[in-house]
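Participant: This is the structure I want to talk about, given as structure tokens.
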């Protein structure tokens with residue numbers, strides 16, 4: 001099972017940003033799922049993540065399909081408006097967005113999944129919200145840890161191996177214990193996707 005583990009250690013480089021943009025820009029796949037507790041998309045004139053390169057990455061990765069989003073901490077309350085701004089901006093730029101939220105406003109999972117014909121080929125899971133502190137570079141930042149998992153069985157496997165993020169915690173091949181019955185990475189990716197799809201969510205407009 002190939003994985004990549006990253007830890008953000010400085011304001012200069014956000015591994016989360018680079019892996020997320022890499023995930024969306026994969027030459028394989030035409031749709032994605034993007035989940036975050038918080039999304040930083042204030043009104044025009046302030047820093048926001050879409051203007052900082054994320055819009056272009058999403059557009060390139062979802063031009064032939066759709067983006068499914070989930071958010072839902074909404075505390076303070078302005079985060080609900082930020083999520084609305086995020087969805088409306090993407091739709092205004094020609095991206096088909098299926099937006100959801102957790103009705104109990106308790107969604108805190110950070111997951112991004114690239115889909116090829118509705119089959120997950122890679123997922124980014126970790127601590128990073130869609131905020132400037134996690135996504136932005138050369139600005140206020142947080143220590144964040146994120147893990148990229150991808151399928152060895154997709155045509156894009158080599159793409160996910162090659163990146164410019166060099167850390168001691170890097171690419172690894174997990175060797176699963178043959179004496180323990182456990183799913184491979186394809187089944188794990190599908191399970192992550194299904195857990196999101198089957199979660200208690202409501203349409204956000």
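Participant: Kindly list the residues of the stretch 27-54 that lie in the label zone of residue 140, defined by a backbone N under 19 Å from the point 7 Å along the Cα-to-C-beta vector.
Facilitator: Residues passing the 19 Å test: 37-52.
Participant: To continue, here is another question. Report the Stokes-Einstein translational diffusion coefficient (µm² s⁻¹, integer) for the stretch 73-143, Rh taken as the Kirkwood radius over Cα pairs, at 25 °C with viscosity 0.890 mPa s.
Facilitator: Numbers: Rh = 14.3 Å.
It comes out at roughly 172 µm²/s.
Participant: Pairing the Cα long axis of helix 185-197 with the longest principal axis of the chain, what angle in degrees results, from 0 to 90 and rounded to the nearest 10?
Facilitator: Taking the Cα atoms of the chain, the angle to 185-197 is about 30 degrees.
Participant: State the extension gain, in nm to one decimal, for the chain segment bounded by residue 162 and residue 147, taking 0.36 nm per residue of separation less the distance between their alpha-carbons. Provide the component values of the computation, followed by the final result.
Facilitator: On the way: separation 15, 0.36 × 15 = 5.40 nm, distance 1.50 nm.
Difference between extended and current length: 3.9 nm.
Participant: If I histogram all Cα-Cα distances within the stretch 2-203 using bins 5 Å wide from 0, what percent of pairs lands in each bin?
Facilitator: Percent of Cα pairs in each bin: 1, 8, 16, 20, 21, 17, 10, 4, 1, 0, 0, 0.
Participant: Percent relative contact order of the chain, based on C-alpha pairs within less than 8 angstrom and at least six residues apart?
Facilitator: Relative contact order, the chain: 33 percent.
Participant: Place a point 7 Å from Cα of residue 75 in the direction of its Cβ. Which residues in the stretch 102-138 have their backbone N less than 11 Å from it?
Facilitator: Within reach of a label on residue 75: 105-107.
Participant: Okay, next question. Using a 10 Å cut-off around each Cβ, can you sort 82, 159, 75 from fewest to most neighbouring Cβ atoms?
Facilitator: If I rank by nearby Cβ atoms, fewest first, I get 75, 159, 82.
Participant: Tell me the label-point distance for the pair residue 30, residue 7, using the 7 Å Cα-to-Cβ offset, in nm and rounded to one decimal.
Facilitator: For the pair residue 30/residue 7, the computed spacing is 4.1 nm.
Participant: Taking the chain as the reference, fit the longest principal axis to its C-alpha atoms, fit the long axis of helix 15-24 to the helix C-alpha atoms, and give the angle between the two in degrees, 0 to 90, nearest 10.
Facilitator: 90 degrees
Participant: Divide by every residue of the chain the summed helix terms, -39500 (n - 2.57) for each DSSP H run of at least 4, and state the resulting mean residue ellipticity at 222 nm, rounded to the nearest 500 deg cm²/dmol.
Facilitator: -7500 deg cm²/dmol
Only the coordinates and a few stated rules stand behind these numbers; no lab work does. The model shown is predicted, which means the values in this text are computed figures rather than measured ones. Positions of Cβ are generated from backbone atoms using ideal geometry, with glycine treated the same way; all protein chains shown enter the neighbour counts.
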